[in-house]
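Here is the structure we will look at.
The values are calculated or read from the model by the stated rules, or taken from the named source; none is laboratory data. Being a predicted model, the structure only gives us computed values, none of them experimental. Reconstructed Cβ throughout: ideal geometry from the backbone, glycine too, with neighbour counts over all protein chains shown.
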Amino acid sequence: MDWADTPEQAAFRKEVQTVIRDGLPTAYRGGKGDWEKDRKSEDPAMVTAAKEWQDALAEKGWVAPHWPKEYGGAGLSPMEQFIFKQEMAIAQAPSVGGQGVSQLGPTLIIHGTPEQKAQHLPKILSGEVNWRQGYSEPGSGSDLASLQTRAVRDGDEYVINGQKIWTSGAHIADWLYALVRTDPDAPKHRGISFLLMDKHTPGITVRPLINMAWSHEFNETFFEDVRVPVADRVGEENRGWYVGATLLDFERSNISGAIVVRRNIDELIEYAKTDAGKAKSRLATSDTLRHELAQEYVETEVMFQFSFRIISMQSAGQIPNYEASTAKLFNSELVQRVSRTGTKIFGLHSNVWADEEDEHAPMETKFTFEYVRSVPATIAAGTSEIQRNIIATRGLGLPRG
């Protein structure tokens with residue numbers, strides 16, 4: 001592995017930095033704002049900010065930097081994508097396009113019909129349509145192939161009945177992509193189809209689920225006699241599992257996690273040096289906590305190397321497999337460890353988190369919120385147990401239990 005930028009990579013990095021410096025709206029600086037919510041905000045200023053940032057990225061094709069140019073992307077190499085995401089993470093600049101850009105678009109490019117590509121890809125790039133995923137069900141999470149939401153063929157339509165859960169962002173989505181069972185008698189991986197559906201189709205109901213951090217991020221979604229055209233099926237009937245597996249390959253190559261965690265540690269250290277931080281932090285008086293934080297800072301570099309390994313493999317034309325599981329596992333557990341350390345450093349002050357403006361709340365309750373918010377990190381996108389199984393069988397060659 002070569003960690004240094006080539007002259008061409010250095011020039012590209014400079015270009016990315018310039019676009020962020022000149023094009024990132026004030027409303028998004030310092031990690032503020034949420035593009036997916038802001039695009040339909042009731043605040044005209046945030047709608048304008050979302051549009052301005054999208055336009056700045058679209059001018060370079062960077063709304064979808066990994067898409068081929070013929071589909072409106074930038075066609076960046078794996079290393080250029082790494083540099084782009086790295087600089088975006090450093091600047092805390094929001095990405096644009098959501099799951100439509102990161103997951104569904106690449107899947108349609110591979111498996112979609114010409115008509116599906118023509119209908120959906122331009123609207124993803126323009127921000128006109130926001131997509132969300134319908135995979136997990138109340139009884140089918142880690143064992144996703146056991147899903148039971150049923151789609152019955154009726155002429156040129158499927159009639160869908162069932163329930164999805166943990167549908168993150170469904171309340172701000174325009175369309176959903178979902179795995180449904182089209183053949184209940186087939187082996188469970190082989191009776192599933194991949195469907196696209198307008199969220200406003202009659203029979204679809206989205207209900208909020210409020211997490212223990214008091215945030216509305218995910219939902220439960222109900223389907224009651226929902227009719228979806230057969231033309232909105234991606235790939236072959238009963239072969240949707242393999243379409244979905246393609247999508248997950250795009251989901252699990254996280255290359256910005258290390259930057260985010262390291263920034264959190266840096267902010268904690270800087271805050272601990274202030275008068276307010278000295279009054280609330282135990283960092284100056286506890287060797288144990290200082291050593292713990294130093295260890296986690298080193299681990300952010302380990303995480304960066306895991307991510308860099310994935311990109312290096314892709315640059316060499318290789319397909320990461322268990323390596324992506326290693327990065328996901330390490331990052332999600334590191335996030336939990338750092339959050340836990342932060343709450344210990346602030347001791348009883350970490351209990352003050354209901355009001356971010358409270359003078360007793362350190363760093364606007366950042367680490368208390370992150371501690372609670374990090375609980376699903378080792379569950380979402382494949383549990384730690386599943387990632388360890390993948391590493392054991394595909395990476396270490398161990399037999400299945």
note = Checking ALA50, ALA27 in turn, the sole residue that is in contact with a Lys or Arg (Cβ under 9 Å, 6 or more places away or on another chain), small (Gly, Ala, Ser), in a helix (DSSP H, G or I) and within 25 Å of ALA170 (Cα to Cα) turns out to be ALA50
message = Tell me yes or no: at least one residue of segment 141-162 is closer than 30 Å to GLU59 by Cβ and crowded, with 17+ Cβ neighbours inside 10 Å.
response = no
remark   = Cβ pairs under 8 Å, 6+ apart or interchain, first in segment 139-160 and over 18 Å from TYR242 (Cβ atoms), second exposed (fewer than 13 other Cβ atoms within 10 Å of the Cβ) and at pLDDT below 90, ordered by first then second residue, are GLN148/GLY139
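Can you name every residue in segment 23-54 that is among the acidic types (Asp, Glu) and touching a residue at least 12 places away in the same chain (Cβ under 8 Å)?
From segment 23-54, those among the acidic types (Asp, Glu) are 34, 36, 38, 42-43, 52; that's our starting set.
Hits for segment 23-54 are ASP34, GLU36, ASP38, GLU52.
Yes or no, residue by residue, for (1) touching a residue at least 12 places away in the same chain (Cβ under 8 Å); (2) part of a loop (DSSP other than H, G, I, E, B); (3) aromatic (Phe, Trp, Tyr):
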| position | (1), (2), (3) |
| --- | --- |
| PRO320 | yes, yes, no |
| VAL335 | yes, no, no |
| VAL338 | yes, no, no |
| LYS344 | yes, no, no |
| TRP353 | yes, yes, yes |
| ASP358 | no, yes, no |
| ARG400 | no, yes, no |
Condition broken by GLN314, with the remaining ones in (1) more than 19 Å from the chain's Cα centre (by Cα); (2) closer than 30 Å to SER193 by Cα; (3) at pLDDT 90 or above satisfied = (3)
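So that you can scan it fast, the table gives a plain yes or no per residue for (1) over 30 Å from LYS117 (Cα atoms); (2) touching a residue at least 40 places away in the same chain (Cβ under 8 Å); (3) buried (at least 22 other Cβ atoms within 10 Å of the Cβ):
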position	(1), (2), (3)
TRP175	no, yes, no
ALA178	no, yes, yes
ASP185	yes, no, no
PHE218	no, yes, no
ALA231	no, yes, no
ALA258	yes, yes, yes
GLU270	yes, no, no
ask   = Within segment 107-135, can you find the residues that are surrounded by fewer than 22 Cβ atoms within 10 Å (Cβ to Cβ) and within 17 Å of the chain's Cα centre (by Cα)?
value = THR107, TYR135
note = Residue count, segment 146-164, condition hydroxyl-bearing (Ser, Thr, Tyr) and under 18 Å from VAL206 (Cα atoms), comes to 1
message = Just to be sure before I move on: is SER384 touching a Gly at 6+ places or on another chain (Cβ under 9 Å) and modelled with pLDDT of 90 or more in the structure I sent?
response = no
ask   = Only one residue in LYS32, LYS60 is of a type in the set (D, E, K, R), surrounded by 15 or more Cβ atoms within 10 Å (Cβ to Cβ), out of contact with any Leu (no Cβ under 8 Å at 6 or more places or on another chain) and not in a helix (DSSP H, G or I), so which one is that?
value = LYS60
